[in-house]
Structures are given as structure tokens and as C-alpha cells.
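Shown next, in C-alpha cells, is the structure this report addresses.
The values are calculated or read from the model by the stated rules, or taken from the named source; none is laboratory data. Since the model is a prediction, treat every value here as computed from it, not as a measurement. Neighbour counts are summed over all protein chains in view; Cβ atoms, including those assigned to glycine, are modelled from backbone coordinates with ideal geometry.
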């Protein structure tokens, strides 16, 4: 019978553990503070920002919220980041994406000090991950590793296939699976015989960005399927990159959408905020 990997339950467990750790740090006189910057009022971004604030409140992290107008200049945003970089009482800085078109996203992410980059997007942190040094790890891939481990899925020696090569999910996911001694293949839009390659996977991580693209033809019987995608279907219901109803019957385990990978991203952001004390 297919096991549903419950991201809500696992993320709640992680947040409870972090709450205890934050309480211990406070007894040592160490407070943690996360600064969250949102430019504009994109509804989805506002939901994510509010979820992050609530998570901070739950585990005992102080959060600073900066809500800037849509027409805020790139220079003004960079100025704010530099000020937060210099503040000793701020441990983490998060700029909510996407940014308005007139702002260079890459320049903004590179402006955040690597030791305050709790999203794990700065090239220095990405490089540290590649060579096995300490640094912040991108939250979604880190959350997927926790989903697998805490669900009793062994990674070592397994064939792991990732669909998608983005800097935020696909590439760091490959590095993390390698770190766990998985045998990793990264596929993308130019991969030949994609179905055949995917059917080799013991663990299939899908981050392609196309709703319900992955059907049972892509999946080996008994595989573990992790669905990173999130979309709204024709009935305005949330769905993933995987056709859940088609794929679930042949898997050994699968993440649902919603309630799978999504909650883990915020849990691992909180984990990175707590880890910032060590890195700083």
C-alpha cells in the first residue's frame, strides 16, 4: 500500500524541536532575529511572508518586517540590505521573491551577506554546499532530505533522479543527495528518453514546473516520488507536477500537494535561522 509522506506532520515536529533549541539559546543570552523584506503586494508573496512570521513567532524568533512599495528603487532596496548586513542584532535576511521587473534579482541576492543568507541562495553558500563546507542550504532541497530521512527512506546507494535543474531546487538537490551517498541523475527539458531515465529511479524528485506532467509512465513500481511543484488546476484546486491519482497506486511512498514539500520549506528556513548562531 502506498504511504503518503506527511510534510505537515514532519514540519511540525521540526518546529517543535527548534522551539526547544531557541529556548535553550535564550537562556544563554542568545536571541535570533530574521528580517523579511517584501517589495510590492503580490497576494501569494503576502501569504508566504505571513506564514514565515507565524513560524518565527511559534519557535521564539524575533522577526522584522519591511513592506516596501512596488515602485521602490533597486538602490533603495540595496541600501536597506546593506544596513541589515551591518546590524549585529539581525541574524538572517530574507528578500521575498519574485521581485518587480525593474529590480535585478541576482544583484539583490548577492548583496545579502553569506552569513545572513538564510535562503541559501548566495553563490558562496552554493559553493560551500558543492565542496562540503559549512553554509546555509537552500530550504526546499534541505526539507526534502528531512522528509526522506524522517520517513525512513534510505538514500545511500539508491538511484535518485531529479527532474529540473534550477538553482533553487534541482542543482542543490543533486548535491544533497550525493552527500547522502545517492547515485544521482539530473534531467531537464533537453534530456533524451526522459521516461526511460525516470523509470530507473528509486527516488524521483519532480521540480519541472508543469502541472500533472509526470504520469505513471515515468515511474518505476515501488519508487518514492517527491513532488515539488505547486499549481492551480482548471477548478482552482492546488495540484503538483505529478499526476497524483495516476502515480500514487504504483509508488511505495509519495508526497501530496498541498501538504508535502511546501510546509518543509518554512521549517527549514527556521532551521537555517537557528543555525545562523553557529555560522556567525
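Remarks
- Extreme residue, surrounded by the fewest Cβ atoms within 10 Å (Cβ to Cβ), among residues of segment 243-261 that are in contact (Cβ under 8 Å) with a residue 60 or more places away in the chain, more than 20 Å from the chain's Cα centre (by Cα) and assigned to a loop (DSSP other than H, G, I, E, B): 252
- Per the conditions (1) within 22 Å of residue 153 (Cβ to Cβ); (2) assigned to a helix (DSSP H, G or I); (3) touching a residue at least 12 places away in the same chain (Cβ under 8 Å), the sole criterion not satisfied by residue 275 is (1).
- Test: residue in segment 153-166 that is touching a helix residue (DSSP H, G or I) at 6+ places or on another chain (Cβ under 7 Å), assigned by TED's automatic domain parsing to the domain that holds residue 241 and surrounded by fewer than 18 Cβ atoms within 10 Å (Cβ to Cβ): no
- Residue among 45, 11 that is touching a strand residue (DSSP E or B) at 6+ places or on another chain (Cβ under 7 Å) and within 30 Å of residue 147 (Cα to Cα): 45
- Matching residues, segment 178-193, being within 30 Å of residue 44 (Cβ to Cβ) and touching a strand residue (DSSP E or B) at 6+ places or on another chain (Cβ under 6 Å): 186, 187
- Scanning segment 145-184 for residues that are more than 14 Å from residue 129 (Cβ to Cβ) and not in a loop (DSSP other than H, G, I, E, B) yields 146, 147, 148, 149, 150, 159, 160, 161, 162, 163, 183.
- Selection from segment 88-110 of residues that are more than 22 Å from residue 265 (Cβ to Cβ) and touching a residue at least 24 places away in the same chain (Cβ under 8 Å): 89, 100, 102, 103, 104, 107
- The selection criterion, being at positive phi, in contact (Cβ under 8 Å) with a residue 40 or more places away in the chain, surrounded by fewer than 20 Cβ atoms within 10 Å (Cβ to Cβ) and in contact with a helix residue (DSSP H, G or I) (Cβ under 9 Å, 6 or more places away or on another chain), holds for residue 132.
- Being more than 17 Å from residue 170 (Cβ to Cβ), part of a helix (DSSP H, G or I) and in contact with a helix residue (DSSP H, G or I) (Cβ under 9 Å, 6 or more places away or on another chain) is a condition met by no residue of segment 220-242.
- Those residues of segment 185-218 which are buried (at least 20 other Cβ atoms within 10 Å of the Cβ) and either touching a helix residue (DSSP H, G or I) at 6+ places or on another chain (Cβ under 8 Å) or part of a helix (DSSP H, G or I) (or both), in sequence order: 187, 198, 203, 204, 205, 207, 214, 218
- Residue match in segment 168-182 (condition: free of Cβ contacts under 8 Å to residues at least 12 places away in the same chain and closer than 26 Å to residue 270 by Cβ): yes
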